[in-house]
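> Below is the structure I would like to discuss, written out as structure tokens.
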Amino acid sequence: MHFTRTEILWHAAGWLLYLAVRVAFFQLYPGDLWFRVQMELLELPLKMVAFYVAVFVLIKQLLARRNYAALAVAVPVYVLAVTFLNRLEDFYLLPVQPITAHPSALAAHTFWDVKAAFLNLIYVYPVVGLGISLYLVKDWLATQVKTERLAREKAEAELQNLKKQLQPHFLFNTLNNLYALTLSQSEQAPETVLRLSEVLSYMTYDCEQDLVPLQKEWEMVQHYVALEKLRLGEKVTISIYGVGMEPQQKVAPLLLLPLVENAFKHGNRLGKAWVRLNAQVQQNRLTFTVENDLPAYTIEEKIFASGVGLTNLRKRLELLYPRSFVLKTQKTDTYLATLQLPLA
């Protein structure tokens, strides 16, 4: 049993409060105020011993560790020991008995009067019971705080893991695009490298933060769209529009890119393709939509269910914005993905 200085002060304050309540509201002894205080002080050591043994031996050492055999032996020994000490207190320490004592206790002149001994324990066990109750409540609250902390740490670790999965995923796709351009000795390769450096800078430094400026995340989307435009050229028409963004608005990083990547990955590759991106902020809530045309042979429900980025996105949203985000899709002859979430 080890107490910090703060815990010692809290315990001392608790016992002082107990004494104050006993003296002020319970007239247990005849006489003036100082005499009643003296009587309570004489009784206090036994109550303190009974309380601390019950909490730190019976509960923490035996019950909490499920040592039921030892507990079954310890409880009767504890009751008999407290009863014996209480009789010593009544016979040899206290000059008078409490005026509220049970008649059999007052009349008993025999030390071994068992009935009187147990009846007088009414002055000890309420204190023990109250103290144990307070301890159990404190222990429960501490357990709740610990559980919440562990859950938060687990969620943070999972988020970091998901983020680490996502960063190589985008890098891999972009390097593939760069590889295709270098094979064809395209003049666009240098610009692709420049755009890629912007993407890498964002993922390496900015994405280490829990929140990034929304404008920064939007710039990242624009860099990625520019990379796709360099790769696809005239094969795709891209419309990108953003409105209502302010410098102070923040969002978790890498939440918009998976939807953008999905549009380019699963869009129409047989003819002239198109992709529309729209980001609007109203009342500090972001609505981001991505729409693209679909090839005629698209398999039902295959698009959104596939891909590391989109699976990762939904998991991250559930951790970062529980019950406050909307992620929905609509598929006709086009594919529309909508993401709504609050901004910090």
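The values are calculated or read from the model by the stated rules, or taken from the named source; none is laboratory data. Quick caveat: nothing in here was measured; it's all calculated off a predicted structure. All Cβ positions, glycine included, derive from the backbone under ideal geometry; neighbour counts span all protein chains shown.
> Identify the single condition in (1) at positive phi; (2) part of a loop (DSSP other than H, G, I, E, B) that Gly233 does not satisfy, given that it satisfies every other one.
With respect to (1) at positive phi; (2) part of a loop (DSSP other than H, G, I, E, B), Gly233 is out only on (2).
> From the list Arg65, Arg22, Arg36, which residue is part of a loop (DSSP other than H, G, I, E, B) and either of a type outside the set (Val, Ile, Thr) or more than 19 Å from Ile132 (Cβ to Cβ) (or both)?
Arg65
> Further question on the same structure: When you go through Arg314, Arg285 one by one, which is the residue that is over 21 Å from Tyr224 (Cβ atoms), surrounded by fewer than 17 Cβ atoms within 10 Å (Cβ to Cβ) and modelled with pLDDT of 85 or more?
Matching residue, one of Arg314, Arg285: Arg285.
> Name the residue, out of Ala20, Ala24, Ala81, that is closer than 25 Å to Asp139 by Cβ and of a type in the set (A, V, I, L, M, F, W, C).
Testing whether each residue is closer than 25 Å to Asp139 by Cβ and of a type in the set (A, V, I, L, M, F, W, C) leaves just Ala81.
> Given the conditions (1) at pLDDT below 90; (2) among the β-branched types (Val, Ile, Thr); (3) in contact with a strand residue (DSSP E or B) (Cβ under 9 Å, 6 or more places away or on another chain), which single one is not true for Val308?
(3)
> What number of residues within the range 104-148 satisfy the criterion of being within 24 Å of Val57 (Cα to Cα), among the hydroxyl-bearing types (Ser, Thr, Tyr) and modelled with pLDDT under 75?
2
> Then there's this: Which count do you get for residues in the range 245-268 that are closer than 19 Å to Asn284 by Cα and in contact (Cβ under 8 Å) with a residue 60 or more places away in the chain?
Here the count works out to 8.
> Quick one: in the range 165-195, which of the residues that are of a type in the set (A, V, I, L, M) and modelled with pLDDT under 75 is farthest from the chain's Cα centre (by Cα)?
Leu183
> Could you tell me which numbered condition Pro76 fails, if it satisfies all but one of (1) at pLDDT below 70; (2) assigned to a helix (DSSP H, G or I); (3) farther than 18 Å from Val127 by Cβ?
(1)
> Could you list, in sequence order, the residues of the range 39-55 that are surrounded by 13 or more Cβ atoms within 10 Å (Cβ to Cβ) and out of contact with any helix residue (DSSP H, G or I) (no Cβ under 8 Å at 6 or more places or on another chain)?
Residues satisfying the conditions are Met39, Tyr52.
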